[in-house]
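> Quick one: structure below, then a few questions.
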Amino acid sequence: MLSIDGINVYYGNIHAIRDISLTVEEGEIVTIIGANGAGKTTILKTIVGLLRSRTGTIRFQDDDITSASTAGIVRRGIALVPEGRRVFPRLSVADNLILGAYSRQDKDVQRDLAKVYEMFPRLAERRHQAAGTLSGGEQQMLAMGRGLMSRPKLLLLDEPSMGLAPLLVRQIFQTILDINSMGTTILLVEQNARMALSIADRGYVLETGSVVLTGSAADLADNDEVRRAYLGE
Amino acid sequence: GCGGSSGTSAGKGNLVIAMVNPLSGDSATYGVSHKNGIELAREEINKAGGIKGQQIEILFHDDAGDPKQAAAGAQKFADQKNVMAIVGSCLSSNTLAMVPITDKAKLPHSVVSSSTPKLSGISKYFFRMAVQDAQVGILMGDLIAKKLGAKKVAILYPNNDYGKGLTAAIEDTLKQHGVTVVSNQAYLATDKDYSALLTGIKAQGVDALAVAGTYTDGGLITKQARELGLTIPIVGGTGFYSPKFVEIAGKAAEGAIFLGAFVASNPDPAVQSFVKKYKEKYNMEPDTFAALGYDQMYVLAEAMKKAAEKGAITRENIRDAMAQTSYKGITGTVTFNDKGDWVRPYLYITVKDGKFVLYQ
Amino acid sequence: MTTALAPAWRQSLTRFVHSPRAAVVFSAVILLITFLDSLIDAQDYIFSPYFKHIVFVSLIYSIVTLSLNFVSGYVGQTSLGHAAFFGLGGYVSALLTQLYHVPYWPAFLAAGVAAALVGIPLGAPALRVKGPFLVVVTYACGEVFRFIALNLEVTGGPAGLPGLLTPSIAGVSFTDVGATGKELFIVTALVFALALAFFMSRLEDSRIGHAFAAIREDEIAAAAMGINTAYYKLLAFCLGAFFAGLAGSLFVHYLSFVSPDMLSSTESIMMFTMVVVGGARSIPGSFLGAFLLTFIPEGLRYFKDFVHLPFDPWLVFFGFVLMVMMRVRPQGILGADTVFRR
Amino acid sequence: MLLLQQIINGLALGGIYSLIAIGWTVVFGIIGLINWTHGEVFMIGAFVGFLLITHFKLNLFAALILAMVASGFTAFLIDRLAYRPLRNGPRLALFITALGASTFLRNLAAIIWEPHSRAYPPTLDFSVMTLQFGGASLTVNSLQVFIFVVTLVIMAFLQWFITRTMMGKAMLAASQDIETVSLMGVEVNHLVTITFWVSGLLGGAAGVLVGVLYAIDPMMGAMAGLKGWAVAVLGGVGSITGAMVAGLMLGVAENIASVYISSGYRDAIAFIVMILVLVIKPTGLMGFKFEEKV
Amino acid sequence: MLLKTEKLCKTFGGLRAVNNVDFHIDTGEVVAIIGPNGSGKTTFFNVVSGIMPATSGRIIFKDEDVTKVEAHDITRRGMARTFQNIRLFPNLTARDNLIVGRYSRGRSGLWDGLIHSARLKEEERRNEEMARELLEFVGLTPYRNLMAKNLPYGAQRRLEIARALASEPELILLDEPAAGMNPREVDELLKLIARLKERGLTILLIEHQMRLVMNIAERVVVFDHGEKIAEGRPHEVRHNPKVVEAYIGPEVDSLVKHRRH
Ligand SMILES: Nc1ncnc2c1ncn2[C@@H]1O[C@H](COP(=O)(O)OP(=O)(O)OP(=O)(O)O)[C@@H](O)[C@H]1O
Ligand SMILES: Nc1ncnc2c1ncn2[C@@H]1O[C@H](COP(=O)(O)OP(=O)(O)OP(=O)(O)O)[C@@H](O)[C@H]1O
Ligand SMILES: [Mg+2]
Ligand SMILES: [Mg+2]
């Protein structure tokens, strides 16, 4: 479904992504784990065209999207729930969610809105509050909800559990599984590597901009190196 | 080097005079008219053989309405030893910034506007052909009190030296004639909407309105007054005289009375010849700035001729000659009093069928 | 863009420009321009009074640009009302010397102090009003000052006040010294500008400089670091106003004339662009911005006469250059990327 | 009654301020840019309208429409050539670019069209209505009524568009975070282009109306732009109703102040009112109330 | 008792974000605040640290009433904090962020700066030393000259902690310091906090990562809907039914995976 081939991304003269290739098959949950600064966020931003690779190609459902515009990429069915939430602070919760559905052609927005509210009752309570005044966790829920509103084929999640209470973390992961089972492919970046590996099919391990290890989630979870470096055991 | 320089036009090159004026920015319209008038006269003089065989050349410096830039221009020309005289700027504050420099350089300096009293007698080298607020004010007051027979009058003026000076003079005269000045209010020359003031004036029930402004604001005031149903006579100063006044006020211009140093419909052949040439060259009617500029160039030319007769065309000689000026031009006979001011006659003008005619 | 990316020549140039040596070279050049005529006793001017005039004006604007850096550079508040302080300084010393016959130097100081005092109420909105709102407020404050100067009787109304006192030192009038009478003015402005530059370079690296930087970057975090943001913002406004007021005083007594045009918003905008063109927070940049934007229009006049352009191209050119410059070097010609020096 | 007449006069002037301010505020509200060129876009509209009427003898209505298009196109070009390359750059760079573009256009216009004032042909005079109320009378210029109504309609439409349509919401969002808005599948460039067109159309309309009512000159953009900007800010960032209310308020305040205080301080009073309102309510009259979350 | 609040309230319009909270922390203690999202933890920090005024109630720090004291003054009195949404000085380098962090411990003024006084030099030397030490301490030495905005997320978090430490506080408030860190990094953070404790610092932290809370906190305070609903030793709190219900959730071993086929 998504295949990335040999990309290199720079910030000025900082070489942040070095020759990375990775694939995500339809229906999979794939996770990328790695330390701070390994380049996980950079990869996701490159996929949606917020950053540009100097080399290589990115293909989505057989289309070359390497140089497509961000909006074009999103309209093809990729959504990114960005790191740091990035909600629109002065718009209400409801408006933030509705904007998530901007690229959709169908008019069934209300039903999905109801679904998101059902998933996160706190957002329903706060639907008229300015998003910028929500608590950190509430904003995270909103960002996630907004991502779902576009009914993406491929959902890119950048640390969705950050700042959530344990109860909610579990709930979020359950949600990820649920939407996956309803047909959405997922590429997940998580610091909570244990949880990520427990729900993913496959994983990539990233170190200073390069993929150092890849395999099924179960294998990775058993790998000593991974256990020591990322699971803190 | 040494201090103030008094140059001569030793060689057989051109005779150079310089102009500092707003040629861009808000006040450019005055500067450009002035420049046009001067240029026209210069061409005539040169065509007629110049000054004793020497051609006159003009250098321009755009001060953009900023005194700082006017001062820079004055300094630039003061340094150029071949510059024999300087003219401008149209704006009082710019001229005030220039005078200390031209005075120090002993450079004859003349203007056609800059009406602030602060410039009277400011320098031995400074000559002003500008209209005199005091005189115009008296004439406006006389008109209102005697010819129009008004008893209650309102005055509007732009909040600048010209407006203030003129208003003071009008008010004095009216008081002497026993006319009541019901209100006298300032506005900003950049305003476009005068309905607030005019509504107030309408409510006061005066029998005449005096406006101490220029053609843009005066035109808008006249137009808006008529629109508000104010039918009383409107009397302006010399600033009204411009084809733009009629253009801006439209039909409302009919019957407005004001004073002029010059009127294009004056049957005097000299005036008609000027108007014709001006229209040919610039494709528009001359206004007061243009007419005064035209005369100013001739006054300078006369002074240079006299200087040449006295020996050499030097800054000092030109100054001395200018002090003695008596030149009959299209705006009257130019003479300067001991303060460098020209005390001159004026005409009453009115608009009839969209044309300026003498008011009887 | 980080400095590490800049080509080597630019790096060494930048380093030179920021070194004390640059200040020495700069002063030497200015002094040479100022006194060359008297040194070689030329028949004619080598540097004409006009040229010296432009140099003096550039120096005055260098001071003003430096002073605006307190507000717009250090604490990062876009101010389009700085001419108000410049003009206020001018008017205060003009009125003191003309109406109350105060000698020049006390009036000069008073001009700075008065401007600084007015800096407090003018800076106060900045405590509450932010970003684009502050731009409007500073602009409006400047305009209000201009209207006051236009309307009051004592300030001489729109035409302003002519015939101001010429400064003197030990009884010697400035205009009586040197080949053109401008020399002492230039030296005074130069000393003033260099002293201010020195003051600012020291300040930048001091604790106060750190507080300014923090406020510019994030006010809430700055407060959390123990920085009294209100105090420092006002301090920045006061310091900026103080030096602008002094510069204004020197300038009007040089021209021997002051008018409301000095307070105009066009002036304020020009000052702000000098900061931006030179590079915000860059001391050599302030000089560069002021000199460039004073010299180029004069240069263009010659160009215009030379090619017989029927109009003055400066403002059109200026507008165009600003646009191009923001594209190629938005941080200004000498704008620094790193913040504190070591 | 006198006061009432002054208020009516003020409303007419205020209507024009509002029209200009709404043009400001839509751009301000979407890319957070102090679009200094709006005054010039307005001036170009006034001149194009003037030329169409005087040289091409078009009627007022046709000239108005074409002038609006010309202004819209100018605004579009300004965005395309000057702003777009800097979209992701620092805000300050955009602001300076706007200053530069405005200086450029204004002075270019002064060179091309010469600096003097001119008026639209007098044939366009609009009728003046006088309403009688028991002894006293009120005068209203029909064009002023027209301007007032047009402004109201435009305001209502834009208000609806921004708050009720998806695209309007996207515009609001874009002013807060352009990068994230593109993540919603919004073509930011289209959005911005539309915004500039809208702003330009409004500016052009205001330009022609001012021309018909008063007089025009190449420098007219400076003061009008400034007032429009002040009004936009006074009304609150991106608030259409705010711009409308603030425009009317300022028009009335100026008129009343010029009569009861001094006309010489007219503009100063406008600015003082604005400073006071902003100091009391830093985000403008109808600006978003928002205590920053830390 | 180092810090104490009495009946502290903070409302936003009709919303009671912090409601009648009585809280205290002793010198040298490590206390964690936990609670569901939006329960008022961050707001509590904001009020205590002076960033927002309290609606009612009292705050006592080092036996002085600081309810109305402004943020900058609070810091000077020895309380420092980090922010949940990182608020570094984005265009300053890591090192410069720390120098600014030392602001409240400086004494030098305008004059010292002008004449480069001995006091200033001494201060600069100490600042430099302190910055180096702190960068080392949080493991950011390699990032020393990078602008804060260009650091990876985790590094920014640690830099914020270091910046708070730079003011030599007695009490440090950490708002979700482990957010965005992987388990190994959390372990390092644990060690870091332990070392802070050794230095005698009093630590109050908000955290959702139970691993961290369980390992480091001596006492846990639980917020829900702006109120303090429980308090006690970590293991007591963890099994408190109210807390389980509102915050931790029932123990489930694994997530349910509905695989499509
Ligand atoms: N805007 C930028 N400018 C310069 N360097 C950057 C920028 N953004 C990121 N980097 C660098 O690129 C590298 C990868 O950063 P990235 O944000 O992708 O890491 P990450 O794996 O998402 O880390 P984290 O887990 O902390 O979010 C880091 O070394 C970082 O310093
Ligand atoms: N400035 C504000 N205006 C309005 N409501 C606010 C504001 N700040 C916070 N709130 C509300 O107050 C409540 C408490 O927020 P707070 O940020 O303190 O929660 P928290 O406990 O820190 O949550 P989290 O764990 O998700 O960070 C939230 O419901 C939030 O929406
Ligand atoms: Mg990341
Ligand atoms: Mg929180």
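> Do you know which residues across the stretch A:166-209 are away from ligand 1 (no atom under 16 Å from the Cβ), small (Gly, Ala, Ser) and buried (at least 22 other Cβ atoms within 10 Å of the Cβ)?
Scanning the stretch A:166-209 gives a single hit, A:200.
> Counting only residues that are closer than 22 Å to residue E:95 by Cα, touching a residue at least 40 places away in the same chain (Cβ under 8 Å), under 14 Å from the mean Cα position of the chain (by Cα) and more than 16 Å from ligand 4 (Cβ to nearest atom), how many does the stretch E:171-200 have?
Result for the stretch E:171-200: 3.
> Which helices (runs of 4 or more DSSP H) sit wholly inside the stretch A:107-148 and have at least 1 residues that are within 11 Å of ligand 2 (Cβ to nearest atom)? Walk me through how you get there before you give the answer.
Details: elements: A:109-119, A:121-125, A:136-148.
Per the criteria, A:121-125, A:136-148.
For (1) more than 14 Å from chain A (Cβ to nearest Cβ); (2) over 24 Å from residue C:231 (Cβ atoms); (3) within 16 Å of ligand 3 (Cβ to nearest atom), each residue gets a yes or a no:
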| position | (1), (2), (3) |
| --- | --- |
| E:44 | no, yes, no |
| E:54 | yes, no, no |
| E:60 | yes, yes, no |
| E:67 | yes, no, no |
| E:71 | yes, no, no |
| E:77 | yes, no, no |
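> Scan the stretch C:127-148 residue by residue and report those that are more than 7 Å from every other protein chain (Cβ to nearest Cβ) and within 21 Å of the chain's Cα centre (by Cα).
Across the stretch C:127-148, the qualifying residues are C:134, C:138, C:139, C:142, C:145, C:146.
> Oh, and also: Please determine whether any residue of the stretch C:182-197 is more than 30 Å from residue C:32 (Cβ to Cβ) and within 12 Å of another protein chain (Cβ to nearest Cβ).
No: zero hits.
> Residues E:71, E:80: which one is within 16 Å of ligand 2 (Cβ to nearest atom) and either in the same structural domain as residue E:224 (by the TED database) or at pLDDT 90 or above (or both)? Lay out the reasoning, then the answer.
Numbers: E:80 fails: within 16 Å of ligand 2 (Cβ to nearest atom).
Selected residue: E:71, the only one of E:71, E:80 that is within 16 Å of ligand 2 (Cβ to nearest atom) and either in the same structural domain as residue E:224 (by the TED database) or at pLDDT 90 or above (or both).
> If residue A:178 satisfies all but one of (1) touching a residue at least 12 places away in the same chain (Cβ under 8 Å); (2) away from ligand 2 (no atom under 16 Å from the Cβ), what's the number of the condition it fails?
Only one criterion in (1) touching a residue at least 12 places away in the same chain (Cβ under 8 Å); (2) away from ligand 2 (no atom under 16 Å from the Cβ) is unmet by residue A:178, namely (1).
> Could you check the stretch A:149-233 for helices (runs of 4 or more DSSP H) lying wholly inside it with 2 or more residues that are within 16 Å of ligand 4 (Cβ to nearest atom) and at pLDDT 85 or above?
Passing ranges, in order: A:166-181.
> Could you list, in sequence order, the residues of the stretch B:268-315 that are out of contact with any strand residue (DSSP E or B) (no Cβ under 6 Å at 6 or more places or on another chain), closer than 27 Å to residue B:13 by Cα and surrounded by fewer than 17 Cβ atoms within 10 Å (Cβ to Cβ)?
B:281, B:309, B:310, B:311
> Can you find even one residue in the stretch A:102-119 that is surrounded by 18 or more Cβ atoms within 10 Å (Cβ to Cβ) and within 16 Å of ligand 3 (Cβ to nearest atom)?
Within the stretch A:102-119 (the criterion being surrounded by 18 or more Cβ atoms within 10 Å (Cβ to Cβ) and within 16 Å of ligand 3 (Cβ to nearest atom)), the answer is no, since none of the residues qualifies.
> Among the residues of the stretch E:106-164, count how many are within 13 Å of chain A (Cβ to nearest Cβ), assigned to a helix (DSSP H, G or I) and not polar (S, T, N, Q).
Going through the stretch E:106-164 one residue at a time, the tally reaches 9.
> Any residue in the stretch A:122-140 that is within 16 Å of residue D:177 (Cα to Cα) sitting within a Cβ distance under 7 Å of a residue that is within 16 Å of ligand 3 (Cβ to nearest atom)? List the pairs, counting only those 6 or more apart or interchain.
Going by the 7 Å Cβ cut-off, the qualifying pairs are A:139/A:85.
> Okay, moving on. Looking at (1) surrounded by 22 or more Cβ atoms within 10 Å (Cβ to Cβ); (2) part of a loop (DSSP other than H, G, I, E, B), which is the one condition that is false for residue E:212?
Of everything listed in (1) surrounded by 22 or more Cβ atoms within 10 Å (Cβ to Cβ); (2) part of a loop (DSSP other than H, G, I, E, B), residue E:212 misses just condition (2).
> What's the total number of residues in the stretch B:77-96 that are closer than 17 Å to residue B:24 by Cβ, in a helix (DSSP H, G or I) and not polar (S, T, N, Q)?
The qualifying residues number 0.
> Still on this structure: Does residue C:280 satisfy the criteria of being modelled with pLDDT of 90 or more and touching a helix residue (DSSP H, G or I) at 6+ places or on another chain (Cβ under 9 Å)?
Judged against the criteria, residue C:280 is not a match.
> Can I ask one more? Among the residues of the stretch B:72-108, write down those that are in contact (Cβ under 8 Å) with a residue 24 or more places away in the chain and among the small types (Gly, Ala, Ser).
B:73, B:74, B:78, B:85, B:88, B:89, B:92, B:93, B:97, B:105, listed by residue number.
> Kindly indicate whether any position in the stretch A:10-19 is away from chain E (no Cβ under 14 Å) and touching a helix residue (DSSP H, G or I) at 6+ places or on another chain (Cβ under 8 Å).
Looking through the stretch A:10-19, none of the residues is away from chain E (no Cβ under 14 Å) and touching a helix residue (DSSP H, G or I) at 6+ places or on another chain (Cβ under 8 Å).
> Tell me whether the stretch D:279-289 contains one or more residues that are touching a helix residue (DSSP H, G or I) at 6+ places or on another chain (Cβ under 7 Å) and assigned to a helix (DSSP H, G or I).
yes
Results for (1) over 20 Å from the mean Cα position of the chain (by Cα); (2) facing another protein chain (nearest Cβ under 7 Å); (3) at pLDDT below 75, shown as yes or no for each residue.
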site	(1), (2), (3)
D:252	no, no, no
D:255	no, yes, no
D:270	no, no, no
D:277	no, no, no
D:285	no, no, no
D:289	yes, no, yes
D:292	yes, no, yes
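> Only one of E:161, E:193, E:203 is assigned by the TED database to the domain that holds residue E:132 and crowded, with 18+ Cβ neighbours inside 10 Å; which?
Checking each option against the conditions leaves just E:161.
> To continue, here is another question. In the list D:30, D:16, which residue meets the criterion of being away from every other protein chain (no Cβ under 12 Å) and either modelled with pLDDT under 90 or surrounded by fewer than 23 Cβ atoms within 10 Å (Cβ to Cβ) (or both)?
After ruling out the rest, the residue left standing is D:30.
> With A:172, A:186 as the choices, which residue is within 16 Å of ligand 2 (Cβ to nearest atom) and of a type in the set (Val, Ile, Thr)?
A:172
> Please verify whether the stretch A:80-90 includes one or more residues that are among the aliphatic types (A, V, I, L, M), assigned to a helix (DSSP H, G or I), within 12 Å of chain E (Cβ to nearest Cβ) and within 16 Å of ligand 4 (Cβ to nearest atom).
No: the stretch A:80-90 contains no residue that is among the aliphatic types (A, V, I, L, M), assigned to a helix (DSSP H, G or I), within 12 Å of chain E (Cβ to nearest Cβ) and within 16 Å of ligand 4 (Cβ to nearest atom).
Let's see how each residue does on (1) more than 16 Å from ligand 2 (Cβ to nearest atom); (2) within 14 Å of another protein chain (Cβ to nearest Cβ); (3) assigned to a loop (DSSP other than H, G, I, E, B):
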residue: A:21; (1), (2), (3): yes, no, no
residue: A:31; (1), (2), (3): yes, yes, no
residue: A:38; (1), (2), (3): yes, yes, yes
residue: A:43; (1), (2), (3): yes, yes, no
residue: A:55; (1), (2), (3): yes, no, yes
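The values are calculated or read from the model by the stated rules, or taken from the named source; none is laboratory data. None of these values were measured; they are calculated from a predicted model. Counting neighbours? That spans all protein chains shown, and the Cβs are built from the backbone with ideal geometry, glycine included.
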